[in-house]
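The values are calculated or read from the model by the stated rules, or taken from the named source; none is laboratory data. Predicted model only: the values in this text are computed from it and were never measured. Note that we place each Cβ from the backbone using ideal geometry, even for glycine, and neighbour counts take in every protein chain shown. Quick note on the areas: whole protein, heavy atoms, side chains included, nothing else; ligands and nucleic acids left out. Shrake-Rupley method; radii C 1.70, N 1.55, O 1.52, S 1.80 Å.
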Amino acid sequence: MSTLTDLTQRMASGEVEIVDLTHTLDPDFPVIILPPEFGQCARFRMEEVSAYDHRGPAWKWHNISMSEHTGTHFDAPVHWISGRDVPNGAVDEIPAEKLVGPVVVIDCSEGSAQDDDFELTPEIIEAWEAEHGRIPEDAWVLMRTDWSKRRGADYLNMREDGPHSPGPTPDAMRLLAEERNIRGFGTETVGTDAGQGAHYTPPYPAHFILHGAGKLGLQCLANLDQLPATGAILIAPPLKIRNGTGSPLRVLALVEK
Ligand code: 23J
Ligand code: MN
C-alpha cells in the first residue's frame, strides 16, 4: 500500500488524529504590549459587510483586520533585525517544504506552574534528549507551558516592570538553532521569548538567535498537552503575504494514537 493511502485509512479509523493547536481569532484575545515608546500590535477586528440583507441578499461576509503578529501566528526570519538579510526570509518566500514537518515537545508545564518566569535552559534540553533521544535536524521544537489555558489578564501577566511569562535562555536558543539546527521554535505564550526577554543579552534572544539563523517561530499555540514528546507532524503554513514578517495561521498536528 502507498504511504498516503495508508495514512488516509489511519486518519479515517482514528489511528492518526488531527490536533488543532490554534486559538480562535477574537477581538478579546490578548496581543503583545511593548513599552509605550514603540509601535503596537493590533488586535483582531471584524466588520460585517452583509448578512443576507439589503447589502447582499443571499450572502454573509466580513472585512477583517489584524497585525501579522495577532493570535496564533508564525514569525518569519525578516521579523527580526538579525534575520533581515536571510535569503527567502519573508512569509511569501519560505519554501513550502518548511511548512509541514516533524515536531518535538519539551514539557515545561510543571516548572511554569511554579514560576511565571520559568526558563528553558540547555540542561533541560539535554535532560529531555537523555529520555527521548537527540532532537532531529530540521524539526519544530515546541515549549509546552500550559500557558494557553490562562484567560484574561493572567495570559500577558503584566506587572509594574512588564510582562512575566516563561521562555528560553540565550544559551538554550543557541543550542537549538546552532547545534541542533532545528527548523523553528514555538510557544504557548504571546512571544517566542520570555515576558522579561528584553533583559537578556542579546535582548529577546529567541527572536534574535532563531531568526538570525534563518529559523522560524510560532506563538500563542494551544493544546500542546495533547501532543507526544516525539513523532508528530506539524502543519503550519502562514498566509502568503508579500514581504510579510509573520502571519496568523491555523496550526495542526498529525498524531499517531
Ligand atoms: C515585536 C517586538 C518584540 C516582540 C515581538 C514583536 C513578538 O513577540 C512577536 O509577536 O513576534 S517579543
Ligand atoms: Mn510574532
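The set of residues from the range 130-142 being under 23 Å from residue 100 (Cα atoms) and open to solvent by 10 Å² or more (accessible area, probe 1.4 Å) comprises 132, 133, 134, 136, 137, 138.
Just one of the listed residues (146, 85) is over 18 Å from the mean Cα position of the chain (by Cα) and either of a type in the set (Asp, Glu) or under 14 Å from residue 217 (Cα atoms) (or both), namely 85. Residues of the range 36-65 that are within 16 Å of ligand 2 (Cβ to nearest atom) and of a type in the set (S, T, N, Q): 40 alone.
Conditions (1) more than 30 Å from residue 146 (Cα to Cα); (2) polar (S, T, N, Q); (3) open to solvent by less than 50 Å² (accessible area, probe 1.4 Å), marked per residue:
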residue	(1), (2), (3)
1	yes, no, no
11	no, no, no
14	no, no, yes
21	no, no, yes
27	no, no, no
31	no, no, yes
41	no, no, yes
48	yes, no, no
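State whether one or more residues within the range 224-241 are within 13 Å of ligand 2 (Cβ to nearest atom) and under 24 Å from residue 127 (Cβ atoms). So far as the range 224-241 goes, no, none of its residues is within 13 Å of ligand 2 (Cβ to nearest atom) and under 24 Å from residue 127 (Cβ atoms). Regarding residue 192, is this residue under 9 Å from the mean Cα position of the chain (by Cα) and among the β-branched types (Val, Ile, Thr)? The answer is yes for residue 192.
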